[in-house]
1. Nearest 0.05, what FRET efficiency do LEU357 and ASP299 give at R0 = 56 Å with Cβ-Cβ as r?
2. Exposed loop sites here are GluC sites (Glu not before Pro) in DSSP loop states with at most 11 other C-beta atoms within 10 Å. What is the longest stretch of the chain lacking them?
3. If you place +1 on the Cβ of every Lys and Arg, -1 on the Cβ of every Asp and Glu, and leave all else neutral, what size is the dipole of the stretch 56-119 about its Cα centre, to the nearest 20 Debye?
4. Under a crude label model (7 Å from the Cα following the beta-carbon direction), how far is VAL68 from ARG431 in nanometres?
5. Compute, for the stretch 317-448, the length of the dipole vector about the Cα centre, with Cβ point charges of +1 (Lys, Arg) and -1 (Asp, Glu) only. Units Debye, rounded to 20.
6. At a Förster distance of 35 Å, what's the computed FRET efficiency of ASN320 paired with ASP392, Cβ-Cβ distance as r, to 0.05?
7. Once label points are set 7 Å from the Cα along Cα→Cβ at both LEU308 and ARG34, what is their separation, rounded to one decimal in nm?
8. Which trypsin sites (Lys or Arg not before Pro) from the stretch 295-361 combine a DSSP loop assignment with at most 14 other Cβ atoms within 10 Å?
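The values are calculated or read from the model by the stated rules, or taken from the named source; none is laboratory data. Not measured: the values here are computed from a predicted model. Please note: Cβ atoms are built from the backbone with ideal geometry, for glycine as well, and neighbour counts cover all protein chains shown. Protein only, heavy atoms only, side chains kept; ligands, DNA and RNA dropped before computing areas. Shrake-Rupley method; radii C 1.70, N 1.55, O 1.52, S 1.80 Å.
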Amino acid sequence: MGVLRIPDPVFGWLVVVVIVLQAILEWSGALWVRWPLMLGTAACVFLLAISAQRTGRLFLAVCTALTVALVVSRSDWPEILERAVINISFLAAFFSALTILRVAAGSSGAMTRAGTFLATQPPGKRYISLTIGTQVFALLLNFGAIQLLGTLSLASARREPDAEIRKIRIRRMLLAIQRGFISALPWSPMAFSTAMAVSTIPGLTWATVALPGLVSSAILLGTGWAMDTVFKPKLTRPAPQRRESGLRPRVLLPLAALLGLMLVPVLTIDLLLGIRVVGAVLVIVPVISIVWICLQSRDLGAFTDRLLAYVHSEVPLYRNDLLLIMSAGYLGVVGAALLVPMMGSAGLDVTQTGPVLLLMGLLWIMPLFGQIGANPILTMSLVAPVLPPAADFGLTPQAFAVALLCGWALTGLTSPFTATNMLVGRFGEIRTTHVGWVWNRGYFLISVMLLSIWVLVHAFWIA
């Protein structure tokens, strides 16, 4: 049976409505917004369902089965379903709001020059330039950072006439990009990881998790750089002298300016108005992106055409990603509601687990579940609601968050089902399992040991 086609303009405008309603809810807290927001989200799900591909249909079938089980087993199922729909509304709005930034950056010559500068650094500087540069680009482009820098890096590497050097360079550059990207996950206000942590762990704000997240990021960055330096591949013959690209560090200034232009108002709104960082992102990022597109356009007509093309064509391109993200968020909330009474019936009491064992379990559960295809969004949505209050263990909410966010980053290294490994495997023309289990094996083992120590140090001596 063929897959029905979503009416793209209708779907695009519906997503815009969901973004606007979610932003109103975040900024005002008005209860009247919840029902139109849920109706808009339900309409989005319907349009996604009628054109879902095989994986999407499977996720929808599981969602339906768990919904039936919830209605049958829980008398408070309406409240749980409302919470689940509000959760996926947030996920849909947050994901979609960031896509317009990718559109604006993708057509910017300044961003391309900055990426080219990073990708064409000499061997001694290339890894550290790419891994730090990718983290900055990830704040702006999310997975688009891997796509942009991966494309530019491959273009640079393929100009190398020596096959041995070319192969080594491609691997080192792709690993630098991947590790730079995952190192942003424990702290970036633009990342799904921190957005999910703030929305699922009671008492957590981005401000409380940002500084320990930066330490987690530094551990991941430093480990990658040290391993690349120490275990640098040996050539069978001396490498020839390389020519400079001709670009200078000043090409990075627009990137730094854009980063500041976004982060300063987002953090100011959080500190002064008390609006969640993720709520500020829903407004600030689209506004800056629209202004950026306006500056790139030669006249009002071209500007209007760009915006209409984004709504009518660009937004629908992400429909499969959107369906999987929303399904994972829904399954997490409903699954957690079903899991809690089952754990009680089985006599399982998480509070009897020691704090050290619990923190290590939170760190390891995401990369372990990732091996069987569990999306980190699903795992966090499932795990966070069943956790007892952190105070019961003498801990703080950010201790839970640091462990889960480190686990999320490690999942991006090892799970063959994550977008990071899929993109790196595609660029490197190798299987995703080879990326996670061979290329990143040593890096994962060292990183997980260091992060385990950091999680415990933070929980018991810092937090």
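1. On the way: r = 63 Å, r/R0 = 1.12.
So the FRET efficiency works out to roughly 0.35.
2. Formally, the longest exposed-site-free interval is 1-243.
3. Working: 5 positive and 3 negative charges, 67 e Å.
With only Lys, Arg, Asp and Glu charged at Cβ, the dipole is about 320 debye.
4. Each label point lies 7 Å from its Cα, and together they span 3.6 nm.
5. Working: 4 positive and 4 negative charges, 72 e Å.
Approximately 340 debye in magnitude.
6. On the way: r = 40 Å, r/R0 = 1.15.
Efficiency, rounded to the nearest 0.05: 0.30.
7. 3.9 nm
8. On the way: sites: ARG298, ARG306, ARG319; in loops: ARG298.
Passing both the DSSP loop test and the Cβ count: ARG298.
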